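Beneath this line is the structure, given in structure tokens, with notes to follow.
The values are calculated or read from the model by the stated rules, or taken from the named source; none is laboratory data. Please read these numbers as outputs of a predicted model, since none were measured by experiment. Heavy atoms of the whole protein, side chains included, go into the accessibility calculation; ligands, DNA and RNA do not. Shrake-Rupley method; radii C 1.70, N 1.55, O 1.52, S 1.80 Å.
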Amino acid sequence: MRIKDRFKQQALHCPNNHRETQSLKIQEDDTGKSTVKQIILKLQILFQKEIRQDRKQRILAIISPDNEVLFELAIFTMNRIVVFRNERHHLKNYLFNGFIKDFQTCVSNQIDAGNQEEEKQQIHTAQNKSESTQNPIIDLHELMKSNDDEFMFIHSLYELAKFDPLKHCYHKSTVMLAPKKQRDRKVLICHDIMDGLLEEKYSQGLLSHHKFNHWQYIDVFVFFGHYTVTIPPPAYTDIAHQHGVKMLGTLIFEWDEGGKEAKLMLDGKISMFYDENEQDMKFRKDAPDGNQFYARKLVEIAKCFGFDGYLMNFECEVKEVETLLTWLEFLTTEIHKEIPGSLIIWYDSVIHSGELKWQKRLNELNYKFFLVTDGFFTDYKWSTDFLKDNVDNFNLYVKSQNPNLNTYDIYVGNDVYGRGTYGGGQHNIHVAIDEIHKHDTSIAIFGQAFWYQRFDGYTNPRIFNLNEDIFWKGRNLVQFADSTGRLFPQGQQISKERMLKEWNMEVGDKAWAVHQNPISLQFSTIASHKPCEKKFNFTISELIDSKIIEDISELNGIVFLSKVTGTKPNTTDPYRYNITLYDKDMNIIQQLASNSTMDEGFTPCKEHALPIQIFEQIFLSKDIKDTLVSIEIVEVGMDAEVWAGHYGAQFSDERLYLDISKANATACNNTSLHDRFQSRGLEFEDICTYFNIGHGNAYFVDGIEVTKGNYSHHCEYDIVLLKSINQNIQSKLGQDILSQITLDGPHFNGGSCLQILGQLADKNDEVYIPLQDICLRHNPLIELYDIKIAFKFDYPKFKTGCIAMVLQYENSEDEEEIEIFNLEIKSAQLIYTQNSWAIYEERMKTFNKTLKSIGIKIAQTNMTQIDFRLGMVAVVPSVLIEPDKIQLSIKEGYPVIHRNLVSVKKNKKYQDIHIGWDISPSNIQVFIKHYRVFRNEKFIGTTKLDVYFDPQVALDKDNQLEYKIQAISKRNEIISEIKIQPDTI
């Protein structure tokens, strides 16, 4: 492997014997590039020992946006050589700057106090030398400060020893674990995703459509990664805690190298090197308090970042098993002292002899690890007879020795990827869950982000959401056709002739060209210079005759997927498609087209032959079903150059699914994990939600769109108050009403809101949208509550009926309806509007009973066609502090400004700005939803913390810069505001 960019005889700095910094010249080869091999050879001479590359064979450099090499930095730690590149937008190649921070730490900690000034002088001298060649070396302290919005994982035991969690002020969880109704059988999700989900490492978010949206069904979430210590990103911890879910990190030692690190830890040693040769042993020293030092460090990290424990994953041989057991017991005891309710869970890997042998169950070879921890996570390659063994062996070996444990502390593993998992995993995971339900144990699901990484889920959020619906909600999608045509009758041979007939298409110089994949046997079709058309159609009677459905009431909708790409040289070839529903007279009931005008207009393919993912779904309402007779899918393409031959739009990978629900489906025979797990109610002292799930197509503040384009910010994920982010609900008279979290604006705050969409039968019909079961307990210390609701619909058309919030109380059959909109309220102007959103407010005395659920009811209205949006629901204690006594002030030591040397451009200044503030009185913090941050009156983000990092700020000619911080209460009111004017560099 070669370094991608040129190295122009740069000074490459690395620690020599960890006591001084030296310069190293790297010569270019005849191609003008230095090879990794050459760099490693030079470092071997410098260190006088063997150096190997890291597992991914990466050597990277810090590069400016103009591809100018600014600086190379190497750190030799744990037999890895790493050089950094700071290119934020290339996620796959971008490493965490935690290495850079550790570089400074490891240098400074290895230098005696008397030599520290000398080291600084050496760095300063090297910098001056570099400046003379017009290639400055970046000051490490300044570089460390330049990207503080990044979160880091811990890549080695040495990094763990030197890690200081107090330096990470932008990455603290601020949400306490919400109480949740207890249950015996628990559900654990183990989150494993490519590259550790790099999108989640920024304090202000980064574009990603991956979100886990099923928190109400689980009890424990493990943020898993192949790092020595994986710290859950605090945004994830916040989301978990507000849904009553415990968040765990991971400690992992893998294979031979991991075994050497595990031995270092158990021996209570600190060293950058884990080999036991004479050279390495020189740098090894005793840890304070021996191996307990590492246990305390893990507890300190969990407490500082606000998560609830760890999964222990020792996938390596362990020679000191008794020492490991003692260490695990100490860790478990220590973390319970510091974090009540915390968990240490052991993964089924090492056995009592120290060998790495997955047992796939609890047995006589591994039970001791369970005895000294809080849970046992079995390997996922079990068979059904092992499930009974878990319970039997618990009663035999564990029950009498640790009365605090029970069989439900055994989490039976299941792999979504299907690697040896009973039932095959993936959409059949329910098969394994049904077997586990026959025994008194809990459930663990590993790799739930499978649908994000596979089947185009990474590139197409709608495909990801579709697979999530099938996996979690048991949505029954039956594939009916593909690029070859119908998938029945079985046994019919796939052929080009059959495909041409099924898709009603022609081939030839002025028509389509057809290619067949020899492995998948699927067809792709390429258009010529003339508009080429292909059609696939089927009838409802055909589905009934083929026994796919018994009658049309079972057909909920259709889902169509396809890909379209352009053909070189000009890949912007035009295409279009449409899906049309017809009645018996071939009148159009509904049509969905690729262009907004639904005419003959075309859409261009993307440049560089990038595929466009087509994903369309149509839900069939009762009215549509009453008249639907046939469905037709049309694809049309042509060539942008209008050349002879076939250089036009290419369609491929067509898939047509039927969304079917059987009338006799039950929780026992459907595939829904929601039905199997059941949601649990949450206990709150207050409720405040914008129904914002942390991403969307635009961002709104108080009903005003402040940013266009996709946005993603995990820290803003609200409690959704829904059992599912999209669900169909029956009205009183049997109409299908869709309740969904929609990303399509307008919204009240954030990038999404709750939308209720459908058609009521008549003015006597009504629909009730139940929100998630909650528990707002009676608190005699709270005198007053404020209720605030923001909603939006077509007000002028409203003539009769009402919209109400329905409150249900514990141990009571009574309901309380608070009408938030009716004709009387409208006429008396008892509500006000805020940027076209209606706002209802009411102050009421404290609840004398425990509130157990809330919901929205739309009843007896003349508006049978419903498009109702709910942008905010708040039931919060009243703020009784006088407004003039609530003050924001600038935090001591802030603002901090650093020149962003990684992003220097000609004639343009860039700054990294750190701002901080305090609010008084201190008890006001519990009433705050978040802080809004504005730069020069432009909204730039929110935070729940009292610090904010604004990176790579381009200054104008006058260098004017002003920040405005607004403290927003849970009633969505500005309760204090401050302006900060940092002095720019």
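Starting from the amide H of K360, placed 1.01 Å from N in the peptide plane, find each other amide H under 5 Å away whose residue is 5 or more places distant or on another chain.
Those lying under 5 Å, H to H, from K360 are D379.
Normalised by the empirical 2.2 N^0.38 Å for globular proteins, what value does the Cα Rg of the range 682-877 take?
1.01
So what does R843 come to for accessible area, using a 1.4 Å probe and Å² rounded to 10?
Solvent-accessible area, nearest 10 Å²: 130 Å².
Compute the distribution of all C-alpha to C-alpha distances in the range 883-984, in bins of 10 Å from 0, and list the percent of pairs in each, rounded to whole numbers.
All Cα pairs considered, the percentages come to 15, 46, 27, 11, 2.
Distance from the Cα centre of the range 964-985 to that of the range 626-662, in angstrom?
52 Å
Would you mind telling me the share, in percent, of accessible area of the range 682-877 contributed by carbon and sulfur at probe 1.4 angstrom?
On the way: 3740 of 7880 Å².
Solvent-exposed carbon and sulfur of the range 682-877 make up 47 percent of the total.
Kirkwood Rh and Cα-based Rg: tell me the resulting Rg over Rh for the range 807-898, rounded to two decimals.
On the way: Rg = 19.8 Å, Rh = 17.7 Å.
That ratio is 1.12, to two decimals.
Please turn the phi angles of the range 334-347 into ³J(HN,Hα) values with the Karplus equation 6.51 cos²θ - 1.76 cosθ + 1.60 (θ = phi - 60°), one per residue in order, whole Hz, x for glycine and proline.
Going residue by residue, I get 5, 6, 5, 5, 8, 10, x, x, 6, 9, 10, 10, 9, 8 Hz, with x marking Gly and Pro.
Out of the total accessible area of the range 883-984 (probe 1.4 Å, heavy atoms of protein only), what percent is carbon and sulfur?
On the way: 2190 of 4990 Å².
Carbon-and-sulfur percentage of accessible area, whole number: 44.
In Å and on Cα atoms, what radius of gyration and Dmax does the range 528-672 show?
Taking only Cα atoms of the range 528-672, I get Rg and Dmax of 17.9, 58 Å.
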